[in-house]
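Just so you know, all these numbers are worked out from the coordinates, no wet-lab data involved. Please read all numbers here as calculations on a predicted model, not as lab measurements. Positions of Cβ are backbone-derived with ideal geometry, glycine not excepted, and every protein chain shown enters the neighbour counts.
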Amino acid sequence: MGNGALWVDSDNGIISRDIFVSDAIYTEELKKVFGRAWLFVGHESQIPKPYDFFVSRMGAESVIMTRDKTGQIHVFLNTCRHRGMKVCRYDQGNTRVFTCPYHAWSFSVDGNLTSAPGGLAGVPQYKAIYHDELDKSQWGLIPVAKLCNYKGGVWATWDRNAPEFEAYLGGMKIYLDAVMDHRDGRPGGSEIIGGIQKWKVPSNWKFGAENFIGDLYHITSHRSVDMVSIGPSGAGRRDAPVVRREGGKRPPPFVSVGFPNHGHGLIGALPHYEEADYVPQFTLTPEVEQYYEHIYHARVANLGKQKRVLAAVGTIFPNLSFHGMQPRALFTWHPNGPREMEIWKWYLVDADAPAAVKDVLRRYYLRYAGPAGLTEQDDMENWNYATAASAGQEAGRYPYNYQMGLGYEQPAPDLDNAVYTTAVTEQNQRILYHRWAQYMSAPEGGSLHPDANANLGEILARRRT
Ligand code: FES
Ligand SMILES: [Fe+2]
């Protein structure tokens, strides 16, 4: 399969440490993975009004997400066409024009260097020193090749021949829905609460992606926070105490679900058609508890017998992970060189939840997550040391082991082109790296479409049970 196979042997669960530390591989993955995949840019609720903007990233590059006066959303590279200066150095705001700090070329929020009549965009002294000859229509901000607003989440790609976003998602769609939808089952209906957390970690970005795609094995890491009981019910870390009626409807068990042709995966339940019984979660805050009980009944009514999944934890290839349970969040693992990533974390709430509910959630989210939360530091510490150790001269000669559960995958019922494993497994990590290797092997300039069944077929051919 070309270069990718040099580093990733997903058939045997062996992966080279080089992919976590090598400068050469990093440079190549920026082009071949981040230059072609669909990437998460932000949420429409961050730019609710005309002329709002939010500065984000795609791979290692800065981009600006804007809303123009007609309400349309755009995403541009944050670089001036004249000499490259970053045209916007704020994190977010509202503006009619992005004026480059260097020589003041000015771009409208829809990316044009040419002003509409009475507009502010343009080139200083255009007539006097460019002699009216510069073709401004050719020198606007560089837009992404494709953009998709999926349930409020704004995604984009640099590959104009990339598959449409929903085809890229494949069977993963129903799990992304569970994150983006209102908790009562209404499509969309969520918003970003507060600002987003951003922090740098001396670790390769893939450690985040692979942890969230399916690492159910690392409970040891969170042992201390489990004992402290920071959950919203005052028990455990996040989970509700399991108080259920005898004979009540229980949720389906958690399994690992992976999409081998797409590179996505999650830990969660298989699709089902009925809500399990309600379990109180926010028992320490009656107002919030009341809200969720009400939402539960609305969900039962809204979804009826429709197919649904439980909120899950997963990764959409390459670097968007989500936490569908509380704290409900989206993460991007931005690459900052092979040995550093910048984590961005967006927190979601039901847009029309009462302010008191949002406030309790905000406090819980901060207590649990992010650079100052009690839980995620555990993960970062592992990834930091793993990255540093992988860069060692001698250590680098020994690959990592991803053999857990190899051969125990089964075809997942009710999902397109998916496999699942009931026991704890590294199925999804193998799927992630197999897809990564396919991107790395496909020549630059080509597009990758999730239309071949080869990965799924190979996995199922190895089945041991
Ligand atoms: S670099 Fe932007 S105007 Fe010159
Ligand atoms: Fe963790």
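Taking Cβ atoms as reference points and 12 Å as the exclusive limit, the residues near Gln429 contribute a net charge of 0, counting Lys and Arg as +1 and Asp and Glu as -1. Length available on full extension from Asn384 to Ala355: 0.36 nm per residue minus the Cα-Cα distance, which gives 6.7 nm.
When only Cα pairs below 8 angstrom with a gap of at least 6 residues are kept, segment 39-146 shows a relative contact order of 20 percent. If R0 is 45 Å, the Cβ-Cβ spacing of Asp11 and Val300 corresponds to a FRET efficiency of close to 0.55. 3J(HN,Hα) couplings calculated from phi for segment 84-92 with the Karplus curve 6.51 cos²θ - 1.76 cosθ + 1.60 (θ = phi - 60°) are, in sequence order, x, 3, 5, 7, 9, 10, 8, 7, 6 Hz; Gly and Pro show x. The Cα atoms of the chain give a gyration tensor whose axes a ≥ b ≥ c have a/c of 1.5 or more with a/b no greater than b/c, which makes the shape oblate. Taking label positions 7 Å along the Cα-Cβ direction at both Arg96 and Ala391, the computed distance is 4.8 nm, reported to one decimal. What FRET efficiency comes out for Tyr51 versus Ser441 if R0 is 51 angstrom and r is the Cβ-Cβ distance? Round to the nearest 0.05. Here the calculated transfer efficiency is 0.75.
Sorting the segments 204-211, 289-296, 10-17, 340-347 by their mean number of nearby beta carbons within 10 angstrom, highest to lowest, gives 204-211, 340-347, 10-17, 289-296.
State the answer as a single residue: which of Pro252, Tyr408, Gly324 lies farthest towards the positive end of the charge dipole of the chain, with beta carbon charges of +1 for Lys and Arg and -1 for Asp and Glu, about the Cα centre. Of Pro252, Tyr408, Gly324, it is Gly324.
In summary, the aspartates and glutamates within cross-link reach of Lys200, defined as a Cα separation below 17 angstrom excluding same-chain residues under 8 places away, comprise Glu61, Asp91, Glu340, Glu342, Glu376, Asp378, Asp379, Glu381.
Between the DSSP loop rule and a limit of at most 11 other Cβ atoms within 10 Å, which GluC sites (Glu not before Pro) in segment 365-423 are left?
Glu394
So if R0 is 51 Å, what FRET efficiency would Tyr217 and Asp68 give, r being the distance between their Cβ atoms, rounded to the nearest 0.05? Step by step, r from the Cβ atoms, then E = 0.65. So what is the relative contact order of segment 168-322, in percent, for Cα pairs below 8 Å that sit 6 or more residues apart? Over segment 168-322, the number comes to 32 percent. A full extension of the chain between Gln290 and Ala116 corresponds to an added length of 57.5 nm, given 0.36 nm per residue minus the alpha carbon distance. Legend: distances between Cα atoms for Lys49/Lys86; Lys206/Lys345; Lys31/Lys136; Lys206/Lys358; pairs beyond 21 Å are Lys49/Lys86; Lys31/Lys136; Lys206/Lys358. For the chain, the longest principal axis of the Cα atoms and the long axis of helix 376-390 meet at an angle of about 70 degrees. Distance from the alpha carbon centroid of segment 51-70 to that of segment 300-319 works out to 28 angstrom.
Calculate how steeply helix 427-441 sits against the longest principal axis of the alpha-carbon atoms of the chain, using the helix alpha-carbon long axis, and give the answer as 0 to 90 degrees to the nearest 10. With both axes taken from Cα atoms, the answer is about 30 degrees.
Each of the peptides 118-126, 57-65 was scored by the mean count of other Cβ atoms within 10 Å over its residues; in descending order, highest first, they stand as 57-65, 118-126.
For the chain, the mean residue ellipticity at 222 nm estimated from helices alone is -7500 deg cm²/dmol, where every DSSP H run of n ≥ 4 contributes -39500 (n - 2.57) and the total is divided by all residues, rounded to the nearest 500.
What does the charge count near Pro443 come to, summing +1 for each Lys or Arg and -1 for each Asp or Glu among other residues with Cβ under 12 Å from its Cβ? Every neighbour counted, the sum reads +1.
Seen against the Cα atoms of the chain and their longest principal axis, helix 355-368 is set at about 80 degrees. The relative contact order of the chain comes to 22 percent, based on Cα pairs under 8 Å that sit 6 or more residues apart.
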